[in-house]
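Contents: one structure, followed by commentary.
The values are calculated or read from the model by the stated rules, or taken from the named source; none is laboratory data. Values in this document were obtained by computation on a predicted structure and should not be read as measured data. All Cβ positions, glycine included, derive from the backbone under ideal geometry; neighbour counts span all protein chains shown. Calculation scope for accessible area: heavy atoms of the full protein, side chains included, ligands and nucleic acids excluded. Shrake-Rupley method; radii C 1.70, N 1.55, O 1.52, S 1.80 Å.
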Amino acid sequence: MSNLKPSRDDAPIVLIVDDVPDNLAVLHDALDESGFTVLVANNGEAALVAAVEAQPGIILLDAIMPGMDGFEVCRRLKADINTRHIPIVFMTGLTESEHVVAAFQAGGTDYITKPIRAIEVLARIDAHMQTSRLMHQARGALDAFGQAAIAITPSNGKIVWQTPLAREWMQRYFPEHYAQFQSKTPPQVLSWIEKVSLAHHAQTDIPPLMIVLARGRLNFIPAELNDSEQWVILLREESDAAQIEALMTVFKLTIRESEVLYWATKGKTSRDIGDILGSSPRTVNKHLEHVFVKLGVETRTAAAALASSKIRTIK
């Protein structure tokens, strides 16, 4: 990677990735004259390093390069939590639909065709960087107020960014898809995003997504769907812990008996409760038998009614 001009304080950074950067001299000059700091990488590996170190405001990426092509570079940038937020505009002489589709599937934000027209590129850069700045400001505000929110690319369902509280909840509800340093959109969320997209285009009501665990529920609520590059989704957790613990204390139940009773008050069948708790319906029924004895009742309806009356006094 080479820096073709010394960096200027506070100047927006544009990273150009092309194996023949001399071909883009006109574009470089136009960007420089418009007040950008221009960085150039002439291969995929150098581009990955430059993106992490320089944190450019936007990346202009050649699609076809020897070794690691632009599509693979884009995929790696979008898989890295440190660079996935950067808008990527492909530069390509390939206008066939399969190449355009490949660019967007890899995570690209936009594409421009060669020969490059500087005035068009400047307009695209301005629009995408403005959107990126607005999203960054929104994210900062959500972080400051302790909100749980994620931003998703609607075209592929990839999570672009998330607030600390959102990451904490996602790790708890989707441990198999969330590692400490990386995240993969869970299948349930991907399926819901597809439904949201259809409903949004049809201008119909968009139902929230609810993910249920034994002691809580995580709700996904669309907040901002007007940006075609990133959708903002709010997360809200409804915890059942206080009610479950109260039932344990009042009726002298075990934690699992209390959980079974709590979900019975919600009208869940033994099979439903088993799915929530990771138990078989037969095991759930055995827990209910113990609950009946401790509550001094004989039926599920009576147990649920007694527990419900107690829960209303707790809320």
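Ligands, DNA and RNA left out, the accessible area of the chain computed with a 1.4 Å probe is 53% carbon and sulfur.
Among 298, 224, 238, the largest mean-square fluctuation in a Gaussian network model of the chain, built with springs joining Cα atoms closer than 10 Å, belongs to 298. In the chain, the DSSP-assigned H stretches of four residues or longer account for a calculated mean residue ellipticity at 222 nm of -15000 deg cm²/dmol, using -39500 (n - 2.57) per stretch and the full residue count as denominator. Using the empirical formula 2.2 N^0.38 Å as the baseline, the Cα radius of gyration of region 189-311 reaches a ratio of 1.35. Note on residue 286: aspartates and glutamates with a C-alpha under 16 Å away, same-chain residues under 8 apart excluded, are 257, 259, 272, 275, 298.
Here the gap between residue 26 and residue 223, fully extended at 0.36 nm per residue and compared with their Cα-Cα distance, gives a gain of 66.8 nm. For the set 190, 48, solvent exposure ranked by accessible area (probe 1.4 Å, protein chains only) runs largest to smallest as 190, 48.
Against the main long axis of the alpha-carbon atoms of the chain, helix 300-314 sits at an angle near 70°.
When the Cα convex hull of the chain is projected onto planes of every orientation, the mean area is 20.0 nm².
If R0 is taken as 22 Å, the Cβ-Cβ distance between residue 104 and residue 19 corresponds to a FRET efficiency of 0.50.
Mind scanning 268/310; 78/114; 195/268; 78/158; 184/268 and naming the pairs with a C-alpha gap bigger than 20 Å? Violating the 20 Å limit, Cα to Cα: 78/114; 195/268; 184/268. A compact globular protein would have a Cα radius of gyration near 2.2 N^0.38 Å; the ratio found for region 262-305 is 1.06. Convex hull volume of the C-alpha atoms in region 208-280, normalised per residue: 98 Å³.
Here region 15-66 yields Rg over Rh of 0.94, to two decimals, using C-alpha coordinates and the Kirkwood radius. Electrostatic tally near residue 270: other residues with Cβ closer than 14 Å to its Cβ, Lys and Arg +1, Asp and Glu -1, net +2.
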